[in-house]
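One structure below.
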Amino acid sequence: MNKPTRISSATSSRPARARMLLLSAVAGAAFVAGCATPLAPKEDALFQSYASASDRPATRPVRSMSSFSDSLACMDEMMREAEVPTMLITSTFIPDFSGRVPVAAKQMVITALSQMSRRSNAFRYVDFEVDIARQDTVQNLTTILLNNNQMELQRPALYVSGGISFVDQNVLSTRHGAGVSGSRVEVGYDRSRGATIVGLEMHLGDFRTRTLIPGLDSANEVIVGNSGQGLDLAGRIGSYGVQFNVGRDLTQGTGAAMRTLVDLALIELAGKWTHLPYWRCLTLDNTHPEFRRQLREWYDAGDAPARARLVQRYLVARGYLPAFEQPLLPNSAVLREAVGRFQADVGAVVTGDISFDVYERALRDFVAVGEDGQLTRIGWTELANGETKPVPLAINMQIENTVKDRTAFPPGTNIFASVTVSRAAYLYCYLNDTHGNIVKLLPNVLHPDALVSANQAIRLPDWMVPYPAFVLTSGKQGSEALMCVAANEDPMTRMPQELNASALTPIRGVGTLEDMRKHFETAVGADKMVAQTLQWRILPPPPAPPAAANGGKK
């Protein structure tokens with residue numbers, strides 16, 4: 001009796017299968033016909049309109065730093081205090097014969113030298129790069145102007161030579177794996193680790209003789225690590241199978257490793273050349289390799305209001321913000337302006353937001369290596385409670401002439417000076433010449449904004465530009481003085497109109513630089529400004545050589 005039933009069931013399913021095959025054929029024909037018809041561009045216009053927004057990076061760019069970025073700033077300050085004269089320097093191409101570290105090492109050398117010269121003006125890089133295979137606009141114009149004697153290249157005194165000496169890949173490599181299998185479940189775990197060593201050797205040479213100076217060398221290596229782990233899970237539910245793969249990998253980049261090696265090498269070479277105790281800049285707590293990672297953990301562990309309160313208290317202690325009872329709102333114009341000034345001073349990308357970079361730059365001075373070798377917080381409670389003593393605004397001026405005695409000059413000598421401020425401030429500079437005139441030098445036509453940053457030396461005059469706004473030339477016998485005033489607020493909005501004279505013109509109604517300083521104190525208050533004065537004597541003119549008797553005839 002079951003046999004007719006099975007025959008009837010099979011017979012009745014044939015029309016259904018036929019209909020399914022027919023529908024599939026029709027659907028396939030329609031799909032093919034649709035693909036054969038060109039798409040109308042306007043149908044995708046809305047979808048394509050999101051391309052320009054989606055093409056942008058999702059995160060803000062940050063300043064490229066290494067563990068020795070603060071050490072470069074330390075060397076800069078050390079060389080400024082030692083009054084190291086400006087030295088012309090260049091470098092060779094930094095090759096990588098392994099082909100495994102594709103980085104612009106020479107550009108890193110230039111950046112490191114520049115960061116060590118922002119305040120001290122210790123090094124000026126001379127670009128002698130000539131690439132026969134790649135002639136760009138600068139090289140073409142240089143060739144034309146040199147051939148026509150319309151351009152003069154200064155000969156450097158020193159040059160940096162070096163290269164990536166070796167790249168030993170996977171010096172250490174381990175891999176572990178395990179798995180469990182059952183009738184319905186399979187589980188597997190895998191973990192791998194590896195270490196690669198990159199070496200960099202650099203030397204300092206005398207450009208005039210093309211000889212490498214013995215002892216002025218640097219040979220360092222850094223370990224670049226990578227690790228990964230993964231979990232595989234597979235199972236069956238009835239006749240269906242399910243599989244999951246979860247993994248994470250970490251690869252430390254060779255670019256950041258090379259910047260660390262280059263910064264370290266330039267600190268060593270500069271310290272050995274100038275005979276300065278450069279090791280003091282290499283023993284800073286923030287050179288610890290885990291310094292930035294530890295701060296990131298503390299940043300993620302805290303809540304946003306607490307982080308903002310710490311940073312704002314720091315800005316108050318450093319003079320970027322006035323004291324406040326309640327934390328400012330994140331979008332407050334006063335707060336964003338203060339954060340922007342702080343970012344400009346520390347060389348960060350200016351955004352005005354309290355991001356991790358701002359948090360790290362602000363609190364790095366409150367972290368030290370403890371006796372156990374671990375990083376620990378110092379003074380965070382006092383900072384959060386507003387008990388940290390405020391740091392006053394500071395100014396530093398010096399004569400840059402490469403002479404032994406910078407307090408006396410013969411008549412007609414070009415005088416070069418520089419000034420730096422400890423944080424972003426409004427800067428005004430005045431000259432008291434031998435005629436008794438008070439002349440404003442800064443701001444001027446080429447530098448109209450009085451607000452300056454703390455991460456550079458303001459040159460007076462700016463000898464790095466082809467056409468400076470003024471020159472300082474010693475006049476007749478007597479004495480001259482140069483005074484610069486820095487203030488937290490713009491004092492010119494509160495000073496008499498006659499004192500806001502145009503640059504490079506004598507100011508009427510002011511007899512001495514001391515009188516000008518008192519006007520600034522009256523305008524902004526003595527506690528919100530700082531001033532410094534440089535003085536020098538102008539020597540008598542040298543005696544004229546005796547004239548030859550009888551017109552030089554015998």
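Remark on region 278-417: ratio of C-alpha radius of gyration to 2.2 N^0.38 Å is 1.36.
Site pair Phe207 and Ser181 shows an inter-label distance of 6.9 nm when each label is modelled 7 Å from Cα along Cα→Cβ. Surface composition of the chain: carbon plus sulfur atoms hold 55% of the accessible area, using a 1.4 angstrom probe and ignoring ligands, DNA and RNA. The peptide list 260-267, 446-453, put in order of mean Cβ contacts within 10 Å with the highest first, becomes 260-267, 446-453. Based on C-alpha pairs under 8 angstrom that are at least 6 apart in sequence, region 213-359 has a relative contact order of 15 percent. In the chain, the longest principal axis of the Cα atoms and the axis of helix 304-317 are about 10 degrees apart.
What the Cβ-Cβ distance of Ser161 and Leu141 gives, at R0 = 45 Å and to the nearest 0.05, is a FRET efficiency of 0.95. So I have [x] 70, 61, 42; [y] 76, 51, 42; [z] 150, 68, 63, and one of them is Cα extents along the principal axes in Å calculated from this model. Which one is it? Evaluating Cα extents along the principal axes in Å on these atoms matches [z]. Rounded to 0.05, the FRET efficiency of the Glu498 and Ala304 pair, given R0 = 51 Å and the Cβ-Cβ distance, is 0.55. For the listed peptides 95-107, 65-77, a ranking on the average number of other beta carbons within 10 Å per residue, highest first, reads 65-77, 95-107. Across region 187-270, counting alpha-carbon atoms alone, Rg and Dmax equal 23.7, 83 Å.
A P(r) calculated from all alpha carbon pairs of region 378-524, with 10 Å bins opening at zero, reads 10, 37, 33, 13, 6, 1 percent. Contact order for the chain, expressed relative to its length and based on alpha carbon pairs under 8 Å spaced 6+ residues apart, stands at 10 percent. If the chain linking Phe97 and Met151 were pulled fully straight, counting 0.36 nm for each residue of separation and taking away their Cα-Cα distance, it would gain 15.9 nm. Starting from the amide H of Phe416, placed 1.01 Å from N in the peptide plane, find each other amide H under 5 Å away whose residue is 5 or more places distant or on another chain. Those qualifying (amide H under 5 Å, at least 5 residues apart or on another chain) are Glu400, Asn401. Under a 5 Å amide H cut-off, with hydrogens placed 1.01 Å from N, Met87 pairs with Phe123, Arg124 among residues at least 5 apart or on other chains. The per residue volume of the convex hull around the alpha-carbon atoms of region 109-252 is 220 Å³. Each peptide in 329-342, 504-517 gets a packing score, the mean of other Cβ atoms within 10 Å over its residues, and the list from highest to lowest is 329-342, 504-517.
DSSP finds beta bridges in the chain, and of those with both partners inside it, around 90 percent are antiparallel.
The values are calculated or read from the model by the stated rules, or taken from the named source; none is laboratory data. Everything numeric in this text was worked out from a predicted model, so none of it was measured. Methodologically, a virtual Cβ is constructed for each residue, glycine included, from the backbone with ideal geometry; neighbour enumeration extends over all protein chains shown. These area figures cover heavy atoms from the full protein model, side chains too; ligands, DNA and RNA do not enter into them. Shrake-Rupley method; radii C 1.70, N 1.55, O 1.52, S 1.80 Å.
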